[in-house]
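Report on one structure; see the data block that follows.
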Amino acid sequence: MELRLKSALTALSAALLLFAGVAPPLAAEDAPIYSLKDRFSPVVAQNGMVASQEAVATRVGVEILKKGGNAVDAAIATGFALAVTLPRAGNLGGGGFMLIHLNETGETRALDYREKAPAAAERDMFLGPDGEPDKDKSRFSGLAVGVPGTVAGFAEAYEKHGGGTLTWADLIAPAIDLAENGITVTPGLSGALTAAAGRLTRDPATAAIFYKHGLIPYLPGEILRQPDLAATLRLIAEQGADGFYKGVTAEKIAAKVQAAGGGMTVDDLASYEPVWRAPITGTYRGFEVASMPPPSSGGVHIVQILNMLESFPIREFGLNSADSIHVMAEAMRRAYADRSKFLGDPDFIDIPVQGLTSAAYARALAETIRMDAATPSDDVRPGDPFPYESNETTHFSVVDKDGNAVSNTYTLNFSYGAGLTADGTGVLLNNELDDFSAKPGVPNAYGLIGGEANAVEGNKRPLSSMSPTMVFRDGSLFLVTGSPGGSRIITTTLQIVLNVIDHGMNIAEATAAPRIHNQWLPDEIRVEEGLSPDTVRLLEARGHKIEEKNAMGSTQSIMKIGGMLAGASDPRRTGALTEGY
Ligand code: GLY
């Protein structure tokens, strides 16, 4: 295994040297915590760490670790707290994926608690009278709402892998307290509510929670109380997942979805079950990678892209040089073309996972990459691009003192999901079913074609890009990471892995580095601010269209290095916190 280092620290003593202002020794076999040359330094701790998009929720998780909870306990408590403090993406009414690493056995398990289409869902339900996709139906009506998976997922994770010292109710108590007694509105929350006001105030139940007099967004520093959500959380604390999927909460969710034009029933809710799946695994330059399998496309394509990139000297090319961006973009283009055609819910379709993630297939694809010219996307593979995916997912990472880890990404899809709240529950409802292809085989409003594999069907899970990921070195935990960002989740998470492994960056530097993204269609490399104009010109000379757009992703990552933890929350979005002890 080869690993370039800018610097290395492998133990607390070395970290303390650094804090004292003494340059650390170089140790060629170890990864860096950080060095005095770095512009960004991570949070460092020895025992446990939580990285999430919202500071209060991070602290809830750290307190659980300090009380003796394990990484799964802390992740569950963080997840419930985020449903209160980060309502745009943290949720009870959505779904997601949790990767769990158990240090004692060395096992890594993938828990799929993605939303499902109600049994009554039909292939053409998102089409208008003209037979074309109707965005209002797939995004803002009751038809858009998938059967939520979060509460069942957390309950399953607790039952199978909770630490055993804390009760289920202990993990929900902080969220109940935050919902009942209120949270201090942050600039981030106030800004998100202001931005979404037009949509959220359409539903009186949502407006009554998040807007003063149903109209005015809360300002930073004001207190937001969510008593209905507190009552729902209390039912879940007392009754387990049944407190959500049966009885009054389920009845209110089904009633709201039906009133908004959807077909979800209490039976859909009562029969929801999360699924344990085998993680997608691969290797990259001697490191082992584990990530989320279908119905996420994330793991398959992270491994596929890494396999292609292994053929190229990315480290020698240099971070964000024209050569490295060129080969990254070409590899991404080829993977996303495959995504559109082959990926969907594995319970409904056959997915050639082994082929897609095989080194031989990646080598064959890599051989089609020319260094001197971009491959037009039309020449890669005519096929089926994925539907629109939004930014407003959220990721958190947890590592405990025993080396157990959780990488969790969950979502309501859009910011605040469909914008609908089940009356009297405080539960915002997702619009995850917009991740299905509304009309397979026919170009949508963007000129894109939806994949047959991801067609709407009753009880099916829509295809996702969420990519909770872990990297191991010689079987030992090395990196826990993941991100929101819709279709950019895969490439954002990928670049954290590349920046750490290829470019020897500490996790904070790896997080802050400018990102690029290519998703086959549109045929462009989307870049963040910060690339040099010379690099852009070199890429354009090879035939790439370069589009500078908004920042991408918001990673929450933790590295484990020589017994120390080094973590970083993405600086791209306000309010995030990594904290350890
Ligand atoms: N809704 C975003 C995703 O699942 O990828």
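Put a dot 7 Å past each Cα toward the Cβ at Glu452 and Glu159; how far apart are the dots in nm?
3.8 nm
Taking a spot 7 Å from the Cα of Asn550 along the direction of its beta carbon, which residues of the stretch 182-225 have an amide N less than 16 Å from it?
Correct set: 188-200.
Could you pull out every one of the lysines with an alpha carbon less than 29 Å from that of Lys66, ignoring same-chain neighbours closer than 8 positions?
Within the straight-line cut-off, Lys66 pairs with Lys160, Lys401, Lys560.
Tell me what the chain gives for mean residue ellipticity at 222 nm when only DSSP H runs of n ≥ 4 count, each as -39,500 (n - 2.57), the sum divided by the residue total, rounded to 500 deg cm²/dmol. Display every interim value, and only then the final one.
Values: 22 runs with 203 residues, N = 581.
After summing the helix terms and dividing by residue count, I get -10000 deg cm²/dmol.
Using the charge dipole of the stretch 88-146 (Lys, Arg: +1 at Cβ; Asp, Glu: -1 at Cβ; taken about the Cα centre), state which of Gly146, Pro118, Gly106 has its Cα farthest towards the positive end.
Toward the positive end, the furthest listed residue is Gly106.
What is the distance in Å between the Cα centroid of the stretch 217-240 and that of the stretch 79-109?
The stretch 217-240 and the stretch 79-109 have Cα centres separated by 19 Å.
Can you work out the FRET efficiency for the pair Asp474 and Glu367, with r the C-beta to C-beta distance and R0 = 22 Å, to the nearest 0.05?
Details: r = 30 Å, r/R0 = 1.37.
Computed FRET efficiency for Asp474 and Glu367: 0.15.
So how much slack lies between Tyr581 and Lys212, counting 0.36 nm per residue of separation and subtracting their Cα-Cα distance, in nm? Before the final figure, lay out each step's value.
Numbers: separation 369, 0.36 × 369 = 132.84 nm, distance 3.80 nm.
Net length gain for the segment: 129.0 nm.
At a threshold of 8 angstrom on Cα-Cα distance, excluding pairs fewer than six apart, so keeping six or more, what relative contact order does the chain reach in percent? Walk me through the intermediate numbers first.
Details: 1497 pairs, mean separation 139.3, N = 581.
Worked out over the chain, it gives 24 percent.
List the aspartates and glutamates whose Cα sits under 12 Å from the Cα of Lys212, skipping any in the same chain fewer than 8 residues away.
Glu222
Kindly point out which whole DSSP H helices in the chain project their C-alpha atoms 15 angstrom or further along the helix axis while averaging a Kyte-Doolittle hydropathy of -0.5 or above. Present the calculation step by step, with values, prior to reporting the outcome.
On the way: long enough: 55-66 (16 Å, 0.96); 71-85 (20 Å, 1.67); 150-161 (16 Å, -0.34); 168-181 (20 Å, 0.52); 227-239 (18 Å, 0.31); 247-259 (18 Å, 0.32); 298-309 (16 Å, 1.32); 322-342 (30 Å, -0.46); 489-501 (18 Å, 1.92).
Those that pass (Cα extent of 15 Å or more, hydropathy at least -0.5) are 55-66, 71-85, 150-161, 168-181, 227-239, 247-259, 298-309, 322-342, 489-501.
Where nothing but the Cβ of Lys and Arg (+1) and of Asp and Glu (-1) is charged, how large is the charge dipole of the stretch 29-156 around its Cα centre, in debye to the nearest 20? Can you show the working numbers first?
Details: 13 positive and 17 negative charges, 86 e Å.
My answer is approximately 420 debye.
Does the stretch 424-581 come out rounded, prolate or oblate by the C-alpha gyration tensor, with a ≥ b ≥ c the root eigenvalues, rounded set by a/c under 1.5 and, if not, prolate when a/b is larger than b/c and oblate if not?
oblate
What's the local net charge at Leu235, with K and R +1, D and E -1, over the other residues with C-beta under 14 Å away? Intermediate results must be reported in sequence, preceding the final value.
Working: positive: Arg234, Lys246, Lys252; negative: Glu180, Asp228, Glu238, Asp242, Glu251.
Residues close to Leu235 contribute a combined charge of -2.
To the nearest 20 debye, what is the magnitude of the charge dipole of the chain about its Cα centre, counting +1 on the Cβ of each Lys and Arg and -1 on the Cβ of each Asp and Glu?
Details: 49 positive and 68 negative charges, 172 e Å.
Using only the charged Cβ atoms, the result is roughly 820 debye.
Quickly rank 497-507, 567-577, 261-271 as a protection proxy: mean count of other C-beta atoms within 10 Å, highest first. Write out the running numbers ahead of the final one.
Working: 497-507: 24.5, 567-577: 21.5, 261-271: 19.0.
The most tightly packed comes first, giving 497-507, 567-577, 261-271.
Just add up the charged neighbours of Asn499: K/R +1, D/E -1, any other residue whose Cβ is under 10 Å from the Cβ of Asn499. Show your work: numbers first, answer last.
Values: positive: Arg515; negative: Asp502, Glu509.
The answer is -1.
What's the center-to-center distance, using Cα atoms, between the stretch 475-554 and the stretch 131-159 in Å?
Each part's Cα centre sits 29 Å from the other's.
Report the one residue of Ser340, Leu319, Val303 whose Cα lies farthest in the direction of the positive end of the charge dipole of the stretch 297-350 (charges on C-beta: Lys and Arg +1, Asp and Glu -1; origin at the Cα centre).
Leu319
On a 1.4 Å probe surface of the protein chains, which of Ile209, Ile325 comes out largest in accessible area, and what is the full order?
On the way: Ile209 25, Ile325 0 Å².
Largest accessible area first, the residues go Ile209, Ile325.
What's the carbon and sulfur percent of the stretch 178-257's accessible surface, probe 1.4 angstrom, rounded to a whole number? Walk me through the intermediate numbers first.
Details: 2050 of 3520 Å².
Ligands and nucleic acids excluded, carbon and sulfur give 58 percent.
How high is the relative contact order of the stretch 30-167? Use alpha-carbon pairs under 8 Å, at least six apart in sequence, and give a whole percent.
Numbers: 166 pairs, mean separation 30.6, N = 138.
RCO, the stretch 30-167: 22 percent.
Would you work out the relative contact order for the stretch 196-312, in percent, from Cα pairs under 8 angstrom that are 6 or more residues apart? Spell out each step's value before the answer.
Working: 94 pairs, mean separation 12.8, N = 117.
Worked out over the stretch 196-312, it gives 11 percent.
Lysines within cross-link reach of Lys135: Cα-Cα under 23 Å, excluding same-chain residues under 8 positions apart?
Output for Lys135: Lys116, Lys256, Lys341, Lys439, Lys460.
Name the residue farthest towards the positive end of the dipole of the chain from the options Thr165, Pro220, Ile253, assuming +1 on Cβ of Lys and Arg, -1 on Cβ of Asp and Glu, about the Cα centre.
Towards the positive end, the residue furthest out is Pro220.
Using the Cα centre as the reference, give the magnitude of the dipole from point charges on the C-beta atoms of the stretch 327-383 (Lys, Arg: +1; Asp, Glu: -1; all else neutral), rounded to the nearest 20 debye. List each step's numbers first, then the result.
Numbers: 7 positive and 9 negative charges, 27 e Å.
Charge dipole of the stretch 327-383: 140 debye, to the nearest 20.
The values are calculated or read from the model by the stated rules, or taken from the named source; none is laboratory data. Please read all numbers here as calculations on a predicted model, not as lab measurements. All Cβ positions, glycine included, derive from the backbone under ideal geometry; neighbour counts span all protein chains shown. Quick note on the areas: whole protein, heavy atoms, side chains included, nothing else; ligands and nucleic acids left out. Shrake-Rupley method; radii C 1.70, N 1.55, O 1.52, S 1.80 Å.
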